[in-house]
1. For the range 47-65, how many residues are surrounded by 14 or more Cβ atoms within 10 Å (Cβ to Cβ) and either part of a loop (DSSP other than H, G, I, E, B) or among the charged types (D, E, K, R) (or both)?
2. So which residues in the range 66-86 are in contact (Cβ under 8 Å) with a residue 12 or more places away in the chain, surrounded by fewer than 21 Cβ atoms within 10 Å (Cβ to Cβ) and in a helix (DSSP H, G or I)?
3. Out of the range 148-198, which residues are open to solvent by 10 Å² or more (accessible area, probe 1.4 Å), under 25 Å from Asn92 (Cβ atoms) and among the β-branched types (Val, Ile, Thr)?
4. Please pick out the residue among His186, His149 that is over 22 Å from the mean Cα position of the chain (by Cα) and in contact (Cβ under 8 Å) with a residue 24 or more places away in the chain.
5. Within the range 4-36, track down each residue that is buried (at least 20 other Cβ atoms within 10 Å of the Cβ) and charged (D, E, K, R).
6. With the structure loaded, tell me whether Arg9 is modelled with pLDDT of 95 or more, of a type in the set (D, E, K, R) and more than 21 Å from Arg101 (Cα to Cα) or whether it fails that test.
7. Quickly run through the range 29-46 and pick out the residues that are assigned to a helix (DSSP H, G or I), of a type outside the set (Asp, Glu) and more than 22 Å from the chain's Cα centre (by Cα).
Amino acid sequence: RDAMQERERSAARLLKQGIDALNAGDPVGARRRIEESLALAPGALRAIFALAQVDLQEGKTGAALSGFERVLALERGAPERLPRELKAQALNNVGVIYFGRGQYEDSAHALEESASLNARDSRVWFNLGLARQKQGLAGGGLEALRTAHELDRRDAEIASELGRAYIGAQRWMDAVAVLLEATQLHPDSAPLWLEFAA
């Protein structure tokens, strides 16, 4: 029992070092530490998730997608082992990867599930809005973008996309209201001024 507890402590320590390295912009060091942690605790969901994050940061989207999907598959057998925020983040990452591959229906499905777990994350709603737009669901896309904007009114990218969606829906006054506020918050943003001019 003592040996097993020491193994778990070592795995947790290595995982923390790996996450710290990833946050510090050192994916090589992060991968080494996280893989060492997984060697001690092969089924650790947090470590599998962290390794997928490293893959994503390095642009290895195929490996990242496999890692996030493995986390979600293992979580189904032991739901108490994965916090809601981590599951929501994994689903958001899966949605973003599918979006990049042009698989918009799969992207929207993953992002909708992510939003149901963490409804306060503006970037999840933003990603969902883009995915719905790509599916041809302009109304659903606009509503998701509006939710993202309500959660974070200072995000220039969200404001720009919402303004563009309002323009597409010919809701001119709504577009003006969003973009006027955004250009006041970000007076140096050329894309926002371009949308406002439109």
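1. Going through the range 47-65 one residue at a time, the tally reaches 3.
2. Residues satisfying the conditions are Ser66, Glu69, Arg70, Leu72, Leu74, Glu75, Arg81, Arg84, Glu85, Leu86.
3. Val178
4. Going through His186, His149 in turn, the sole match is His186.
5. Arg33, the sole residue that qualifies.
6. No: the conditions fail for Arg9.
7. Gly29, Arg32, Arg33, Ser37, Leu38, Ala39, Leu40
The values are calculated or read from the model by the stated rules, or taken from the named source; none is laboratory data. Please read all numbers here as calculations on a predicted model, not as lab measurements. FYI the Cβ positions are ideal-geometry reconstructions off the backbone, even for glycines, and counts take in every protein chain you see. For accessibility, only protein heavy atoms count, side chains too; no ligands or nucleic acids. Shrake-Rupley method; radii C 1.70, N 1.55, O 1.52, S 1.80 Å.
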